[in-house]
Every structure is written in C-alpha cells, then in structure tokens.
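The values are calculated or read from the model by the stated rules, or taken from the named source; none is laboratory data. This structure is a prediction, so every number in the text was calculated from the model and none was measured. Cβ: placed from backbone, ideal geometry, glycine included. Neighbour counts: every protein chain shown.
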Amino acid sequence: MFPRLALLSFIFNNALLKYLALPFGLLALVCVIATLILMRKDDPKPDTNIKLGNPVNIFNAIGFGVVYILLLYAVFYSEKILGESGLCCSALIADLKDTDAITISMAKFSLDGEQLKLASSVIIEATSNVLVKLGITLFKASKPTGKFVSYAFGSVILLRIISILVSRG
C-alpha cells in the first residue's frame, strides 16, 4: 500500500515525495517484515473459499470517480472553512473507502509548493484504512493470522503516530 501511495504522490506532485519517502519507507518495511513472518507460519486449516470480486467491474471505477470528485470538493471547502483540521477530518473519512483518492487530492492540492508539508501530513495521518483492513482481518482470518496482522498494523499505526508527532513538533 505505501509504495503505491508514494508512487501516486510522485506522479501527481513529485515534490511531495521527499516528505513521504522516510515515513512510507518505514511503514513499508514493517509490512514486509510482518508478511515474511506470516509466510513462515503455517495455518493448520487455511480458508481457501475467499470470494474475489471482478477487478474490471465498471462500478468500481465509477465508485472511485464519485469518491474522488466528492473528495476534491471536500478538500477544497474543508481547507477554506476549517483550515488544517478540516483537511485532516476529510482525509480520515475518505480514507475509510479509498487511500488513493485522498493521496491524489492532496498531491494536487499541494501543487503550488506552499502546502507540501501540510499535504504530506494529511496523507500520513489518514490511518482509518489500516483500521478497516485490520477489522476485516480480525473478523475473516484465522486467529493466528489475525494476531500477527494486529501486530503489524499496530506497528504501522504506532509509526504513523510517531511520524505525526515528529512532523508537528
């Protein structure tokens, strides 16, 4: 997830990457380590009946477009009305659905160069998608997998909190 978000940031505003490289690098490293640990553990009874959706479903693309357009308006007006806290609130809400949309919106928001630090903070602070993925894992996966994913995502959330505190301090 984090390399993809870094790539999106680079594509839409390459100046933003210098603020995201270290935090996203650390977060990706935590996820890689957790993945390697999970790969070494054997689940005694893996559930192979996972229903996968159609990756080329037009409704997914339309849904992303609607979320993205709504998010562009939310970012614009929340920053105008509520300032920095409005951006953080809109990012947390939007991140429940899609991390890509908030990343692209904030990359475009910071194109003038004056809002790079704020945009990177908002992208890093949007942790609600990690919480959603953690919830899905806890409810759908086996207990050992849920435990290891909880450790990994807990580490990701802790690193994001530390990153937020360091960037604001």
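Within segment 69-88, the residues that satisfy the criterion of being under 25 Å from Val132 (Cα atoms) and exposed (fewer than 14 other Cβ atoms within 10 Å of the Cβ) are Ile69, Tyr73, Glu84, Ser85.
Out of all the residues in segment 112-169, which are surrounded by 13 or more Cβ atoms within 10 Å (Cβ to Cβ), at pLDDT 80 or above, small (Gly, Ala, Ser) and out of contact with any helix residue (DSSP H, G or I) (no Cβ under 7 Å at 6 or more places or on another chain)? Of everything in segment 112-169, just one residue is surrounded by 13 or more Cβ atoms within 10 Å (Cβ to Cβ), at pLDDT 80 or above, small (Gly, Ala, Ser) and out of contact with any helix residue (DSSP H, G or I) (no Cβ under 7 Å at 6 or more places or on another chain), namely Gly154.
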